[in-house]
Amino acid sequence: MAESFDGDWLELREPHDSAARNLDLATALAQALPARPRLLDLGAGTGSLLRWLAPMIGRPQAWTLVDADGELLSRAFTTTEDFAEDQDWRATFANRKTLLVHAPGGAWRVEGLIADLRDAPKGLPLGQVDAVVNTALCDLVSADWVARIAAACAKHRLPFYAALNVTGRERFDPPHPADAVVARGFARDQLRDKGFGGIALGARAPGVIAEAFAAHGYAVQRAASDWRIPRHDPEMVAQLASGHARAAMGQLRRERARILDWAVDRRAQAGLSRLSARIGHADILCLPPKE
């Protein structure tokens, strides 16, 4: 089973994802889509990409949210309905499986698909969509997985948009004597097999995606989309530090004491609003060759 994520963590990170995603690449994707685009969101989680990208597309559109976790998909529908109400937009259910968001530029039709992405593209309705999109997914998968997706997208001439892939550039501020140890352990954990048929790409993801799609004649654009977590968001930066520490301890057991001290110090700094972080990410947009 591929790794899943906690819904509360996805909710906590959503505003930082929104702030980090590159607007130029998203605009280029929106312009490349047809008048009424259909998007397939892989590993959609609680639907944060839908809520960010759909308003930018700004016209009638259909989304299929794909995730192996049915509870996350259910939360995606509830959260999107709440989002619409916050915007004073009407949200209705056409049936138990389809949410209609009546946005100013045109309605969004949102459906869910429970699917294990380990075997992707098997089981995905690629012939019924106009683009494949995802967030924070491709650094978890293997090179073979990316190659299969690239070949399938090329077969159907589909744009591929992958947001927020880690790049390995991370910094917590202020500095700490154990920063290098934690970073080394975290980097090792990023390469651990995450259930997608081989070593995870981690920071290699942007390069592997670009190479795989370029081999099919795609035009590839890449842009930075770093998280910048400020001191005045103590919960997010504390959770981030704790996650780094857990991952590092799983890889560097002999350094457990140093990593634990680092985690305790970082949580204390976060509680005093004295800790900030910058986590490197990159967005990738791959557009098929023109006919």
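Quick look at the values:
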{"quantity": "Largest-first principal axis extents of the Cα set of the range 184-252 (Å)", "calculated": "44, 29, 19"}
{"quantity": "Accessible area of the range 155-273 belonging to carbon and sulfur atoms, whole % at 1.4 Å probe", "calculated": "53"}
{"quantity": "Label point distance in nm, E291-A35, each placed 7 Å from Cα along Cα→Cβ", "calculated": "1.7"}
{"quantity": "The range 133-240 - Rg (one decimal) and Dmax (whole number), Cα, Å", "calculated": "16.0, 51"}
{"quantity": "If the convex hull is drawn through the Cα atoms of the range 32-117, its volume per residue in Å³", "calculated": "81"}
{"quantity": "Cα gyration tensor category, rounded, prolate or oblate, for the range 212-266 with a/c compared to 1.5", "calculated": "oblate"}
{"quantity": "Beta bridges by DSSP in the chain, antiparallel share as percent, to the nearest 5", "calculated": "60"}
{"quantity": "Virtual paramagnetic centre 7 Å along Cα→Cβ of V181, amide N under 15 Å, in the range 241-280", "calculated": "245-266"}
{"quantity": "Accessible surface, per residue, of the range 1-123 when the full set of protein chains is kept, probe 1.4 Å, Å²", "calculated": "48"}
{"quantity": "Highest-first arrangement of 65-77, 176-188, where packing means the average Cβ count within 10 Å", "calculated": "65-77, 176-188"}
{"quantity": "Per-residue [θ]222 nm for the chain (sum of -39500 (n - 2.57) over DSSP H runs n ≥ 4, rounded to 500)", "calculated": "-13500 deg cm²/dmol"}
{"quantity": "Gap separating the Cα centres of the range 193-213 and the range 37-102, nearest whole Å", "calculated": "27"}
{"quantity": "Area projected by the alpha carbon convex hull of the range 1-150, averaged over all directions, nm²", "calculated": "8.7"}
{"quantity": "Translational diffusion of the chain, µm² s⁻¹ [Kirkwood Rh, Cα pairs; Stokes-Einstein; 10 °C; 1.306 mPa s]", "calculated": "81"}
{"quantity": "Order by protection proxy (mean Cβ within 10 Å, highest first), peptides 137-150, 228-241", "calculated": "137-150, 228-241"}
{"quantity": "Residues in the range 14-35 reached by a label modelled at H156 [backbone nitrogen below 16 Å; 7 Å Cα→Cβ]", "calculated": "33-34"}
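The values are calculated or read from the model by the stated rules, or taken from the named source; none is laboratory data. The structure displayed is predicted, hence computed values, not measured ones. So basically every Cβ, Gly included, is an ideal-geometry build from the backbone, and we count neighbours across all protein chains shown. What goes into the accessible areas is simple: the full protein's heavy atoms, side chains included, and nothing from ligands, DNA or RNA. Shrake-Rupley method; radii C 1.70, N 1.55, O 1.52, S 1.80 Å.
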